[in-house]
Amino acid sequence: MKKEIVQSILKKNDGSRSGLISILEDIQAKQGYLSEDALRMVAEKTKRSLVDVYAVATFYKAFSLQPRGKHLISVCLGTACHVRGGPTVARGFEKNLSIKAGETTHDKEFTLETVNCLGACALGPVAVVDGHYFPKMKTSGVPGIIEKTRVGLDHVEIDTDQRVFPVEVSCARCNHSLMDPRHPIDGHPSIRVTVSFGHKHGWLALSSLYGSYNVASEYEIPTDAVAHIFCPHCHAELIGGAKCGECGAPMVPMIVRGGGVVQICARRGCKGHMLDLIGTTIG
Amino acid sequence: MMVTLHLNGLKVSLEEGATLLDAAKFLGFPIPTLCHMEGLSPYGACRLCVVEIGEGENAKLVSSCTYPVQEGLKIRTASSRVLRARRMILELLLASCPQSRTIQDLASAHGIRIQRFRQEHEDCILCGRCVRMCEEQMMAKAIGFRGRGQARSIGTPFDIKSDVCRLCGGCMYICPACQLRCTYSEPERAVCGGCANLMSPCVEMENFDDLMCYMDPCVACEIHKD
Ligand code: FES
Ligand code: FES
């Protein structure tokens, strides 16, 4: 079955001799590491010599030739995090997981690694667990994070059916608040953005109640149309890489005041959305 | 296309695409090399072949084995800056691989008599000769570079015998690091400059009967003979 995965990845990148890194990245993402067989297959299928493939695979830190755990914990030991106690945090993780940095726990649950700067120095010391950032880490927070990770950090996604509460959001690009107290919807300040669909271009006000789908807009947006949403302040399009889990349309990300990101589906009528508040609730 | 340049004050015309090292060779100026080898592509790893180009403020050191000839270029192959840089490079090479015969010979030829730096006794200086030999002359590509930075090393993938290696031994044959030589009685400090040293290590040759001496010509041995 491993073979098939590698084969399909190779097929996807067919014909491009230059795509070695992206092929290896894909394999690493699927398998968690680069196995010897996988590297041999890549070399054979892309008509490179094994030496070259191996050289690339060992050159980049992002690639691992050893199987990694289900969860990846990266503790920052960059300069900023280092002076703020990164090493202590790293030691905390090492103690709690009883492994050294660079190792994987016996149950193959956790891999611990140290990195040199995650680009979030102001939040230091930082640890990233499965892509979730934990700012201003203390050793006392380590066991909690490990527990949460075991349960699954992504479970923290909140389902609207059970919860309805107001959020305050700002533009992910310019950080300008999008709240508009002059046009309340559902009794709360609305979220004001610019929308464009077809040849129309106008304002759109969304309810700030998380879970409410009430909107008001300059032009009636036809159901199922995928709109482009822009920040009314910096005019940047609010768009992230994510796709709606329900309908596949692009998601529109907005920063939630206090930390976290809310994403709503750009398709009118689709209720796909996601709230990610992790990083503020813990740590 | 011919390119004209000034080498140590001499004018010389060379075919475009030649390197500064070729130019120096053409005129007979010696430039020591280590990672360079005829028949292998230039690599520029050891920096031993540095020369100085440009003038005044803009003068800089470049590796002559990789630098292509350029119209009007002014090159000095043995300025004091070049010699200083070369000596330093040799001292550092010597520190990482003090047991290498090739490096010792180069060092003693450059008047280095004492090792100033801590000796690491690496068995590889990452000059890449063997890698290029394997790929370019033996058409095998059995060995290559692995990892990076401090962890960079040369070897086969996964450190197991390679399927494409034919055991030709070419890599060992051209390795400048793995030929050992006599280190006299003080292996920690000795640079065997052989007969060039005032204190010839081999004068007491009886003590080192079973050691092989590579010195050529060995004055000490000559003395011994008469
Ligand atoms: S030093 Fe840790 S994020 Fe930059
Ligand atoms: S001979 Fe030119 S860099 Fe080694």
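The values are calculated or read from the model by the stated rules, or taken from the named source; none is laboratory data. Note that the structure is a prediction, hence the values are computed from the model and not measured. FYI the Cβ positions are ideal-geometry reconstructions off the backbone, even for glycines, and counts take in every protein chain you see. Accessible surface areas use protein heavy atoms only, side chains included; no ligands, DNA or RNA. Shrake-Rupley method; radii C 1.70, N 1.55, O 1.52, S 1.80 Å.
From the list A:Ala62, A:Ala80, which one is closer than 25 Å to A:Phe134 by Cβ and in a loop (DSSP other than H, G, I, E, B)? Matching residue, one of A:Ala62, A:Ala80: A:Ala62.
For the stretch B:118-143, which positions are touching a strand residue (DSSP E or B) at 6+ places or on another chain (Cβ under 7 Å) and either facing chain A (nearest Cβ under 9 Å) or aliphatic (A, V, I, L, M) (or both)? Across the stretch B:118-143, the qualifying residues are B:Leu126, B:Val131, B:Ile143.
Would you mind stating whether B:Arg87 is open to solvent by 60 Å² or more (accessible area, probe 1.4 Å), closer than 22 Å to B:Glu122 by Cβ, free of Cβ contacts under 8 Å to residues at least 60 places away in the same chain and part of a loop (DSSP other than H, G, I, E, B)? Judged against the criteria, B:Arg87 is not a match. With respect to the stated conditions, A:Glu113 is touching a residue at least 12 places away in the same chain (Cβ under 8 Å), out of contact with any Cys (no Cβ under 7 Å at 6 or more places or on another chain), among the charged types (D, E, K, R) and closer than 26 Å to A:Ser22 by Cβ. Tallying residues that are part of a loop (DSSP other than H, G, I, E, B), under 18 Å from A:Arg257 (Cβ atoms) and open to solvent by 60 Å² or more (accessible area, probe 1.4 Å) within the stretch A:173-217 yields 4. Scanning the stretch A:76-100 for residues that are within 15 Å of ligand 1 (Cβ to nearest atom) and in contact with a Lys or Arg (Cβ under 9 Å, 6 or more places away or on another chain) returns A:Arg84, A:Gly85, A:Thr88, A:Val89.
When you look at B:Leu14, is it crowded, with 16+ Cβ neighbours inside 10 Å, out of contact with any helix residue (DSSP H, G or I) (no Cβ under 9 Å at 6 or more places or on another chain) and of a type outside the set (Phe, Trp, Tyr), yes or no?
Details: crowded, with 16+ Cβ neighbours inside 10 Å: yes; out of contact with any helix residue (DSSP H, G or I) (no Cβ under 9 Å at 6 or more places or on another chain): no; of a type outside the set (Phe, Trp, Tyr): yes.
When the stated conditions are applied, B:Leu14 does not pass them.
B:Cys134 meets each of the listed conditions (1) modelled with pLDDT of 90 or more; (2) touching a Lys or Arg at 6+ places or on another chain (Cβ under 7 Å); (3) assigned by TED's automatic domain parsing to the domain that holds B:Gly17; (4) not aromatic (Phe, Trp, Tyr) apart from (3).
Would you call A:Val56 within 14 Å of chain B (Cβ to nearest Cβ), out of contact with any Ser or Thr (no Cβ under 6 Å at 6 or more places or on another chain) and at pLDDT 90 or above? If you could, list the steps in order and put the result at the bottom.
Values: within 14 Å of chain B (Cβ to nearest Cβ): yes; out of contact with any Ser or Thr (no Cβ under 6 Å at 6 or more places or on another chain): yes; at pLDDT 90 or above: yes.
Yes: the conditions hold for A:Val56.
Here the condition is being open to solvent by less than 70 Å² (accessible area, probe 1.4 Å), at pLDDT below 80 and not in a loop (DSSP other than H, G, I, E, B); of A:Met254, A:Met274, it holds for A:Met274 alone.
Just checking, which of A:Ile99, A:Ile27, A:Ile23 is part of a loop (DSSP other than H, G, I, E, B) and more than 14 Å from chain B (Cβ to nearest Cβ)? Break it down into steps so the answer makes sense when it comes.
Details: A:Ile27 fails: part of a loop (DSSP other than H, G, I, E, B); A:Ile23 fails: part of a loop (DSSP other than H, G, I, E, B).
Exactly one residue qualifies, and that residue is A:Ile99.
B:Ala177 meets the conditions (1) of a type in the set (A, V, I, L, M, F, W, C); (2) in contact with a Ser or Thr (Cβ under 9 Å, 6 or more places away or on another chain); (3) not in a loop (DSSP other than H, G, I, E, B) in every case but one. The failed one is (3). Kindly indicate whether any position in the stretch A:57-72 is within 14 Å of ligand 1 (Cβ to nearest atom) and open to solvent by less than 40 Å² (accessible area, probe 1.4 Å). No - not one qualifying residue is present in the stretch A:57-72.
Has the stretch B:61-84 got at least one residue that is in a helix (DSSP H, G or I), among the aliphatic types (A, V, I, L, M) and more than 16 Å from ligand 1 (Cβ to nearest atom)?
Here is the first cut: in the stretch B:61-84, the residues in a helix (DSSP H, G or I) are B:80-84.
Imposing the further condition that a residue be among the aliphatic types (A, V, I, L, M) reduces the set to B:82-83.
Now restrict to residues that are more than 16 Å from ligand 1 (Cβ to nearest atom): B:82-83.
Yes - at least one qualifying residue is present in the stretch B:61-84.
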